[in-house]
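Okay, so here's the structure we're looking at.
All of the numbers you see were taken from the coordinates with simple rules; none came from a lab. Just so we're clear, the structure is a prediction, and the values are computed from it rather than from any experiment. Note that each Cβ is placed from the backbone with ideal geometry, even for glycine, and that neighbours are counted across all protein chains shown.
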Amino acid sequence: MSEPIEAIGHALEAYWTSPIPLIVVFACLASIGTLAYVFVTNARNAKLRVSLLTGLYSVSIFFWVFLAASLVLCLSLAPMVAYRSGGVPAAAGGAVLASLALSGVVSLVAWRRGADRLLRKIPNRAPLEAERWIVDYATLIGRFEQLPPVEIRVAEDRKPLAMAVSGRRHVVILSTGLLQDLDRDEVETVVTHELMHIKNHDSRFKVVSSVLSRFLFFDPFSKFFDPAVHREREYLADEMSGRTTGKPASLASALLKIHERATGRPRALAGLSIVGREGSIFARFPPVRERINRLILLSKILPAKP
């Protein structure tokens, strides 16, 4: 009994005093620190901050999977790691490959299955004849922004709901409550907001990150970075919608109406809808008040439309 335990102890000591796994760990931590520093020092560059936060999230996933894979290999192959020449490099290489493979498999499953599974949870239908103008408008914006084909679906729900979901297809879902509560200009800006999520690949990222954050439930990096990514992307979609439509004040009005009426939304939709829980560093949505203030400022900056 003591020999296996002794071999495990020697394996862990040999592994974590070897430069190879330490280089991988320090490279991950250095990447996280560098990306975080650039993020903090570029507060005005929304697109860059989104990319940086996405990178931070990806590196943190690899970091934790590498630590877990290293521990598993040291426990399962202790005699080889502890006593054989080349055992530590082989184990470290295996941990790197396992981290890349496992992250890739989880991402692929989330990519291929996550969106379809989510769409099945939300009963929806094709737009009625009176709602066809939304499809025509989305098609027009899609052509202008060179978007892939987007399907508009309507959910029979009195609560205002708007969300974009991407997987093997791109879908924007609007609730009947939202269509009843908002005027046409407001609906157009909300639809454009969701189309900007598709253009920026946010709609796919949100689905994938939701799955990955559940997979790495213990990861403090993702608990902070994942909500931060979502908040940055909401600000960016707001700005792009306001600039594309030339009606940032209409989107501000729409956000206020949705926020006032959106109570009790199912938890499954909280990270994907246009508004949601806010007010903390772990919330996926920035404060609606701040979003409205930014849109009002943008309306003053943009040239007046005839």
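Listing for the model above:
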quantity	calculated
Estimated vicinal HN-Hα couplings, Hz - segment 290-299 in sequence order (Karplus 6.51, -1.76, 1.60; Gly, Pro = x)	5, 4, 5, 4, 5, 5, 5, 4, 5, 5
Nearest-0.05 FRET efficiency for Lys121 and Ile281, computed from C-beta distance (R0 35 Å)	0.80
Computed Kirkwood radius, in angstrom, where 1/r is averaged over Cα pairs of segment 70-133	15.6 Å
Estimated vicinal HN-Hα couplings, Hz - segment 182-193 in sequence order (Karplus 6.51, -1.76, 1.60; Gly, Pro = x)	9, 7, 4, 4, 5, 4, 4, 5, 5, 4, 5, 4
Mean Cα-pair separation over length for the chain, i.e. relative contact order, pairs under 8 Å, 6 or more apart, %	16 percent
Highest average packing first - 236-247, 95-106, Cβ atoms within 10 Å	236-247, 95-106
Calculated SAXS-style log₁₀ I(q)/I(0) at q = 0.09, 0.13, 0.17 Å⁻¹ - segment 36-192, Debye, Cα scatterers	-0.53, -0.83, -1.06
Value of Rg/Rh across the chain [Cα atoms, Kirkwood radius]	1.09
Residues Glu131 and Leu48, FRET efficiency given R0 of 35 Å [Cβ-Cβ distance, rounded to 0.05]	0.40
Dimensions in Å of segment 122-301 - Rg and Dmax from alpha carbons	15.4, 48
³J(HN,Hα), Karplus 6.51/-1.76/1.60, whole Hz, each residue of segment 128-136, x for Gly, Pro	6, 4, 5, 9, 5, 4, 5, 4, 4
Ranked packing of 226-234, 190-198, 53-61, most packed first, by mean Cβ within 10 Å	190-198, 226-234, 53-61
Computed lengthening from Ile20 to Leu256, 0.36 nm per intervening residue step minus Cα-Cα distance	79.6 nm
Relative contact order %, segment 122-301, counting alpha carbon pairs below 8 Å whose residues are six or more apart	21 percent
Under the Debye formula (equal points on every Cα, no solvent term), log10 I(q)/I(0) of segment 2-112 at q = 0.12, 0.18, 0.24 Å⁻¹	-0.52, -0.88, -1.19
Mean projection area, nm², convex hull over Cα of segment 110-157	4.2 nm²
Under-5 Å amide H pairs with Glu151, H placed in peptide plane, nonlocal only	His170, Val171, Val172
Contact order relative to length of segment 2-112, as percent, for alpha carbon pairs under 8 angstrom and 6 or more apart	36 percent
Cα-based Rg / Dmax (Å) for segment 11-67	14.2, 48
Fraction of beta bridges assigned by DSSP in the chain that are antiparallel (%, nearest 5)	55 percent
Ordering of 160-166, 128-134, 13-19, 77-83 by packing [mean C-beta count within 10 Å, highest first]	160-166, 77-83, 13-19, 128-134
